[in-house]
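> There's a structure below that I have some questions on.
The values are calculated or read from the model by the stated rules, or taken from the named source; none is laboratory data. These figures come from a predicted structure and were not determined experimentally. A quick note on method: Cβ atoms are made from the backbone with ideal geometry, for glycine too, and the neighbour counts reach across all protein chains shown.
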Amino acid sequence: MGKWSCDNFINRELSWLEFNNRVLEEALDENNPLFEKLKFCSITSSNLDEFFMVRVASIIEQIHAGFTIPDIAGFTPEGQLTQIRLRVRKMIEDQYVCYRKLSEELREQKIYIIKPQELNENQKKYITEYYYDTVFPILTPMVMDSSRPFPLILNRSLNIALFIEGKDDSIMFGTVQVPSVIGRIVKIPSNSKEVTCILLEDLIKMFAQDLFKGHKVIAMGDYRITRNADLTIDEEGAEDLLETIEQSVKRRKWGEVVRIEVENGMNLKLINKLKEEVEADEADIYKIDGPIDLTFLSKLASLQGYEWLRYPKFEPQPIPEFYGKDKDMFDVVSKQDVLAFHPYQSFEYVVDLVKKAAKDPRVLAIKQTLYRVSGNSPIVNALMEAAENGKQVTVLVELKARFDEENNIVWAKKLEKAGCHVIYGLLGLKIHGKVLLIVRNEKEGIKRYVHLATGNYNDVTANFYTDLGLFTSNNLIASDASSLFNMLSGYSQISEMNKLYIAPINLRKKFLLLIKRQIENAKDGKKSLIVAKVNSLVDKEIIEKLYDASEAGVKINLIVRGICCLRPGIKGVSENITVRSIVGRFLEHSRVFYFRSDENEALYLSSADWMNRNLDRRVEVLFPVESSKLVNRIKEQLNVYLNDNAKARILNMDGTYTRAQVTGEIAISSQIYFEEQYKKYAKKVKKTGKRKEFKPIKM
């Protein structure tokens, strides 16, 4: 047990809800274009869905199991669930205040989401034809009676619940699933300068009486059920992991109910019937004052035209070291390390490297880890081509990447069919590290090229996730990468690594050692600094060691996008620690760790966050950046993040966040700064053919 009280920690789930609230704030930010605000509001809705399906479901399972041990913040599972429900209800209120505000802004742009009573005669005629031609043939009205039990309601499907009066005056329960195979937003004829639409559930309710001919519909309302979707897989007993996960994914649709959203004003007896049939508690009911499931707003934001309602078009820039038709990527990386900063610099170079390796007759082998890839991944296609060209191709496909299982199963089968050696993760561990190794036969002999990254090999998310990637031919790193792949494919023991640190083997130990050194340096009177940028900070041991460092006088600046269980600003504990979160156009995803004492410094990048799962239950990689030019470049990035006063929120001691203040200075948005900077940088290189290096930045 550490010496620090549970009062010094923030509950993980409540911290995540504060992150989702920061996303919601972006939907209300007047500096964001309207369609982008719609997307942010939509994201908060999909985020909450996943939160309930995974995190809330996990807490409910703990309660069922009689688990009562408090978390690091002192909350039992029961206590956490109570606090979560209170915070979520407030968040839902705020979401729908936001929705009504956005609806008003849409009307100002002559974009209308109308109710059935607002339809004119021509529109009613169109809707009637659309209903009978397109919607009615798809619908399956279901009634519950003595011969027909309550139907299984699909996870996250939108439904309409009804009470129907029978011929003998009996009351029957009916339900209709709103079909997801056709668009939820139904456009209807209107003035040519306007867009008018109606939501599919409202359209169906207009004709509900017709669905149950011979019976009277006496009450109806929209509802949606959220189920436990966290897969429990017995890997020890699984003869075929791929088949086991395929079966588990199918079961996800029917997990235990953890939330019921109902239309505000819905008949109470109808609500009670739903609650009774799905075995939910009153506390699981969430009344929604507006359309249930706001993820449809992202579809609305994809309306053609309206460019003034979107962010200006973004164009990833070329990487200067690779710029020029005569530049050979292997030749460039053989002479120097190259850093890529996505999405400001194009991810296409990573794709091109794999494509080039697939065709290059001198390339003998390609080894790569894949955690999440796009639906039509050019990298996977290149790997298949490489195998077909006779190269040794080893791919570690993480089948257990949550909510990407089906996608990864499809790719794994295709890769195997093409002749790749496919490995489906390790027993009890997820392979989350991002590593690409290319073995090439050159004049001087065998040479290895490595790409290491903080983010996934996903060409789609690379356009809106900020990540860092390192191209290198450093022999020590290449040797470590080979050892890592041998461990993953053949279970060989890793005795000693030269440059890389691997979870769960020695990554936790390395982080603790790096922080401990800063503590010792501070005690020796050296000016010591830690700057870390992560997605989440949850691990108790790491937090306690940071508290020790703060107590010793180490200055600690943390950039934590999402969950942060560390409580800054506590007297005698965390006075030297600041925490900021940046939420903007791009999802901050890079993990950077910088340590300095006087003039000595070390900088690392990693696929790992400071979370228990990353350090103990995943295969993660921490790698050093040793080129002084590249270190300076990343230091500048960190400095810009720490000076962001436009999109940054500062974590307060009570767990809430406050926007960074602009006091008499210009507003600095780190993401806009990087976009403009890398655009100018690329333009200068194109014009002069010379690369001016970044100057060292003081922090």
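> All but one of (1) out of contact with any Phe, Trp or Tyr (no Cβ under 9 Å at 6 or more places or on another chain); (2) surrounded by 19 or more Cβ atoms within 10 Å (Cβ to Cβ); (3) in a loop (DSSP other than H, G, I, E, B) hold for residue 644, so report the exception by its number.
(1)
> Now for a separate question. Just checking, does the range 483-501 include any residue being assigned to a strand (DSSP E or B) and over 19 Å from residue 353 (Cβ atoms)?
Yes, there is a match, as at least one residue in the range 483-501 is assigned to a strand (DSSP E or B) and over 19 Å from residue 353 (Cβ atoms).
> How many residues are exposed (fewer than 14 other Cβ atoms within 10 Å of the Cβ) and among the hydroxyl-bearing types (Ser, Thr, Tyr) when one looks only at the range 55-81? Let's see the steps before the verdict.
Kept after step one, since they are exposed (fewer than 14 other Cβ atoms within 10 Å of the Cβ), are these residues of the range 55-81: 64-70, 74, 78.
Filter once more, so that each one left must be among the hydroxyl-bearing types (Ser, Thr, Tyr): 68.
Matching residues across the range 55-81 total 1.
> Follow-up. Out of the range 457-506, which residues are within 20 Å of residue 671 (Cα to Cα) and among the polar types (S, T, N, Q)?
Taking the range 457-506 as the starting set, the residues that turn out to be within 20 Å of residue 671 (Cα to Cα) are 459-469.
Result: 461, 463, 466.
> While we're looking at this one, here's another question. Quick check: anything in the range 310-329 of a type outside the set (Ser, Thr, Tyr), surrounded by fewer than 16 Cβ atoms within 10 Å (Cβ to Cβ) and not in a loop (DSSP other than H, G, I, E, B)?
no
> A further question on this structure: Can you tell me which residue is nearest to residue 30 (Cα to Cα) among those in the range 93-116 that are aromatic (Phe, Trp, Tyr) and in contact with an Asp or Glu (Cβ under 7 Å, 6 or more places away or on another chain)?
96
> When you go through 397, 393, 435 one by one, which is the residue that is within 23 Å of residue 589 (Cα to Cα), outside the structural domain of residue 605 (by TED's automatic domain parsing), of a type in the set (Val, Ile, Thr) and at pLDDT 85 or above? Before you say what the answer is, go through the steps one by one.
Values: 397 fails: at pLDDT 85 or above; 393 fails: within 23 Å of residue 589 (Cα to Cα).
Only one candidate passes the filter, namely 435.
> Taking only pairs six or more apart or across chains, which ones have beta-carbon atoms under 8 Å, a first residue in the range 409-425 that is touching a residue at least 40 places away in the same chain (Cβ under 8 Å), and a second residue that is surrounded by 21 or more Cβ atoms within 10 Å (Cβ to Cβ) and in a helix (DSSP H, G or I)?
That search, which allows pairs on different chains as well, returns 409/245; 411/380; 423/488; 424/412.
> Any chance the range 162-180 includes a residue that's hydrophobic (A, V, I, L, M, F, W, C), assigned to a loop (DSSP other than H, G, I, E, B) and modelled with pLDDT of 95 or more?
yes
> So, one more: Out of the range 247-276, which residues are part of a helix (DSSP H, G or I) and at pLDDT below 90?
Matches in the range 247-276: 247, 248, 249, 250, 251, 252, 253, 254.
> Can you tell me which of (1) in a helix (DSSP H, G or I); (2) within 24 Å of residue 319 (Cα to Cα); (3) touching a residue at least 40 places away in the same chain (Cβ under 8 Å) is the one residue 380 doesn't meet?
(3)
> Which count do you get for residues in the range 649-669 that are touching a Gly at 6+ places or on another chain (Cβ under 9 Å), at pLDDT 95 or above and crowded, with 19+ Cβ neighbours inside 10 Å?
1
> Could you please let me know if residue 5 is farther than 30 Å from residue 570 by Cβ, surrounded by fewer than 16 Cβ atoms within 10 Å (Cβ to Cβ), outside the structural domain of residue 655 (by TED's automatic domain parsing) and among the hydroxyl-bearing types (Ser, Thr, Tyr)?
Answer is no for this residue.
> Would you tally the residues in the range 96-137 being in contact (Cβ under 8 Å) with a residue 12 or more places away in the chain, outside any helix (DSSP H, G or I) and exposed (fewer than 12 other Cβ atoms within 10 Å of the Cβ)?
1
> Looking at the range 281-309, which of the residues that are outside any loop (DSSP other than H, G, I, E, B) and either of a type in the set (Gly, Ala, Ser) or under 24 Å from the mean Cα position of the chain (by Cα) (or both) is surrounded by the most Cβ atoms within 10 Å (Cβ to Cβ)? Let's see the steps before the verdict.
Step one: list which residues in the range 281-309 are outside any loop (DSSP other than H, G, I, E, B), which gives 282-288, 296-300, 307-309.
With either of a type in the set (Gly, Ala, Ser) or under 24 Å from the mean Cα position of the chain (by Cα) (or both) added as a condition, the list becomes 283, 296-300.
Working: 283: 11, 296: 20, 297: 27, 298: 17, 299: 13, 300: 19.
Result: 297.
> Can I ask one more? Counting only residues that are among the small types (Gly, Ala, Ser), buried (at least 17 other Cβ atoms within 10 Å of the Cβ) and modelled with pLDDT under 85, how many does the range 201-246 have?
The total comes to 1.
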